[in-house]
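The values are calculated or read from the model by the stated rules, or taken from the named source; none is laboratory data. As the structure is a computational prediction, the values presented were derived from the model and not from experiment. Here Cβ is always computed from backbone atoms with ideal geometry, including for glycine, and neighbour counts include all displayed protein chains. Side chains are part of the model used for accessible areas, which takes the heavy atoms of the whole protein and leaves out ligands, DNA and RNA. Shrake-Rupley method; radii C 1.70, N 1.55, O 1.52, S 1.80 Å.
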Amino acid sequence: MFNHFLNLELKAFLRSASVGKSIALKVFLGFVALYFLLSFLVLGFALYPLLLESFPKQKPIEIVNNAVIFWLAGDLIFRFFMQSLPVMNIKPLLILPIKREKVIHFVLLKSLVSIYNFFPLLVILPFGITAIIQENLNAIPVLVWMLTLYLLALSVNYANFLIKKKFADNIKAFFLFAILGGTFVALEYFEIFKISIFTGTILNNLLKNPFLVFAPIALFAGLYFWNYNFLKSNFYLDNSLKSKIQEAKTTDLNWTKRFGEIAPFLQLDLKLIWRNKRPRTTVFMSFIFLLYGLMIYTNPNHHELSFIHIPIGLLMSGIFMLNFGQFIPSWDSGYFGMMLSQNITFRKYLDSKVGLMSFSVVVLALLTTPYAYFGWDVLGANLACAVYNLGINIPVLMFAGSFNKKRIDLEKSPFMNYQGTGASQWIVGLPLFLIPSLLFYGFSQIFNPETGVIAIATFGFIGLLCRNFIMDTITKGYQTRKYATLNGFKQQEN
C-alpha cells in the first residue's frame, strides 16, 4: 500500500498544471540543499578538532552534551519557520476501502525523509566516529549516544508537526511558548538555573549507562502516536466538508471616518488583516522584527554609525510596509472584480493602502526610539530610514503593485509560502534597500556618516513633497493594467 501511495504522489506531481514551474524551483532548491548537506558534513568532521583546540581542558563530547538543548531549541524554531508539513489529498481516499491507519502512518513516515532530518545526521555520525577514534572510547556507548541525539532530532520533527497543527493558528498559545522559551533563556543567562548543565549531565550519564536510551525512544514514540491520534481524530469526510462555524463579531471602526473618502477602504483593509491568517501574521512579525536591532547594536564592532545600520533601520520601521505593500492589490484578489464594477476611484483605493503603510512606518519608527540607548546617531539613522520609507519606498512598492497579477490565499501561512510571488516582488527589493545604502555610503565616504543620514532623510522629504504627483502617475498605471490584473486573479495557482 505504501508503494501505491508513493505512486500517487509521483503522478500528482508530474500531472500538475504547474509541473514546469515546480521542476525548475525544485532543481534550484536541490542545489541549495546540496550546498547545505555538504556544509553540515564538513561541520561534522571539523567540529571535534575545533572544540578540542578551543577547549583543550574539556572533552568535546561533554561540550556537545551541554549544548544539545540549545541545538534542539534552535532546530525547533528553524523548522517552525522553514519546514513544510507533509500533506496528502485524503478526500478521494476516504470513500475507498483503504484503512485510515495506513494513510496516517504514510503521512507521518513521509515526514521522516525530510532533508531537515538529514542535517543533524551528517553532523552526529562524523563527530561520533571521530570521538571513538580520538579518545579510544568503547564504541557501543557512543553509538547509543549518537542514536539518542538523532532520536531527539526526529522528536523535534514531530513536535514541530504538533505545534504547527494545534497551536500555529492560536497566537496566544504561540506567545505562551515564546514566553516559556524566553524564561529558560533568562534563567540560563543569569545563571539561576542552567538547563544546559542539567541536560548535559543526563547525556553524560547516558555514555555510562546506555540503557537510558529507552527514554528518548519513549519520547519519540510518544510524539509519533500523539500525532497519529490527532490525525486520526480529524480523518473524516465530514471534517473536510463541513464549514467552520464561528461566532460573528463586530468591530467598531467608526474612528476611521475622520480619514474622509478613504475610510471605507481603510476599514476593509483593517478587517482583512484582523480576520485572515496571512495578513494578520505580518502584523505580529513586524513587532518581532523590532528586536532585530539588538543583534547588530549590541555588537561592539557596530557601535559607530556604519553602512550596516541603514538596511537595519529600513527593515525595522518598514517590515509591515514591505510584507503588506509587495502584495498590493493581491490582498483583494478575491473581490477585485467586484471593486472594478463599483463607482470607486482607483486613487482613493490606493490612498488607503498608502495611508495604512504610512501609519505602520510611523508606529514602528516610534517603537525603535529606545535604541537611542546605543547612541543618538543610531536613533537618527532609524528615523531617517523611516522618512525614506515614507517618501520613497512606499511609492516604489505601490508602483510595483501595478504589475501584480497573482492571487493569494489569505488563510495560508506566510512562512515558506511563495503564492502570489512574481518577478516584481524579487526586483522591487533592489531599490528598497540597495539605493539608500549606496546613498549613505557615497555621502559618508565623501563627507561623514552623519551627512549620509541627512541625505537619506532629505530624499525621503522630497518624496513626501512630491507624493501627489507620484501617486497620480502610479494610479494611471493601475488603470491601464486593471483588466490584465483581473484576468491574472482569476487564474487558480496550484
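Brief remarks follow.
- For first residues located in region 198-224 and in contact (Cβ under 8 Å) with a residue 12 or more places away in the chain, partners that are acidic (D, E) and in a helix (DSSP H, G or I) and lie 6+ apart or on another chain with Cβ distances below 8 Å form the pairs G200/E62; N204/E62.
- Selection of first residues in region 60-81 that are within 18 Å of I288 (Cα to Cα) and of second residues that are outside any helix (DSSP H, G or I), restricted to Cβ pairs under 6 Å at least 6 apart or on distinct chains, gives the following pairs, ordered by first then second residue: F81/F415.
- Leading residue by the ranking (nearest to T368 (Cα to Cα)) among those in region 290-305 that are at pLDDT 75 or above and open to solvent by less than 50 Å² (accessible area, probe 1.4 Å): L290
So that you can scan it fast, the table gives a plain yes or no per residue for (1) at pLDDT 85 or above; (2) surrounded by 15 or more Cβ atoms within 10 Å (Cβ to Cβ):
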position	(1), (2)
I69	yes, yes
K91	no, no
L94	no, yes
E101	no, no
L108	yes, yes
L122	yes, yes
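- Filter result for the condition that a residue is at pLDDT 75 or above, within 30 Å of I179 (Cα to Cα) and surrounded by 15 or more Cβ atoms within 10 Å (Cβ to Cβ), over F225, F230, F287: F230
- Of all residue pairs spaced 6 or more apart or on separate chains, those with beta-carbon atoms under 8 Å, a first member in region 343-363 that is open to solvent by 20 Å² or more (accessible area, probe 1.4 Å) and a second member that is acidic (D, E) and part of a helix (DSSP H, G or I) are R347/D472; K348/E261.
- Pairs with Cβ under 7 Å, 6+ apart, first in region 436-448 and open to solvent by 30 Å² or more (accessible area, probe 1.4 Å) and in a helix (DSSP H, G or I), second modelled with pLDDT under 85 and not hydroxyl-bearing (S, T, Y): Y441/F307
- Of note, L85 does not satisfy the criterion of being farther than 24 Å from F198 by Cβ and either at pLDDT 70 or above or open to solvent by 70 Å² or more (accessible area, probe 1.4 Å) (or both).
- With respect to being open to solvent by 90 Å² or more (accessible area, probe 1.4 Å) and modelled with pLDDT under 90, L25 falls outside the description.
- M338 being assigned to a helix (DSSP H, G or I) and exposed (fewer than 15 other Cβ atoms within 10 Å of the Cβ): yes
- Qualifying positions in region 184-201 - open to solvent by less than 90 Å² (accessible area, probe 1.4 Å) and over 31 Å from the mean Cα position of the chain (by Cα): T201
- Here the condition is being hydroxyl-bearing (S, T, Y), in a helix (DSSP H, G or I) and either over 25 Å from L379 (Cβ atoms) or modelled with pLDDT under 85 (or both); of T475, T451, it holds for T475 alone.
- Residue within region 301-309 that is within 22 Å of the chain's Cα centre (by Cα), assigned to a helix (DSSP H, G or I) and polar (S, T, N, Q) present: no
- Restricting region 127-142 to residues that are assigned to a helix (DSSP H, G or I) and within 14 Å of N209 (Cβ to Cβ) leaves a set whose member that is most open to solvent (accessible area, probe 1.4 Å) is I140.
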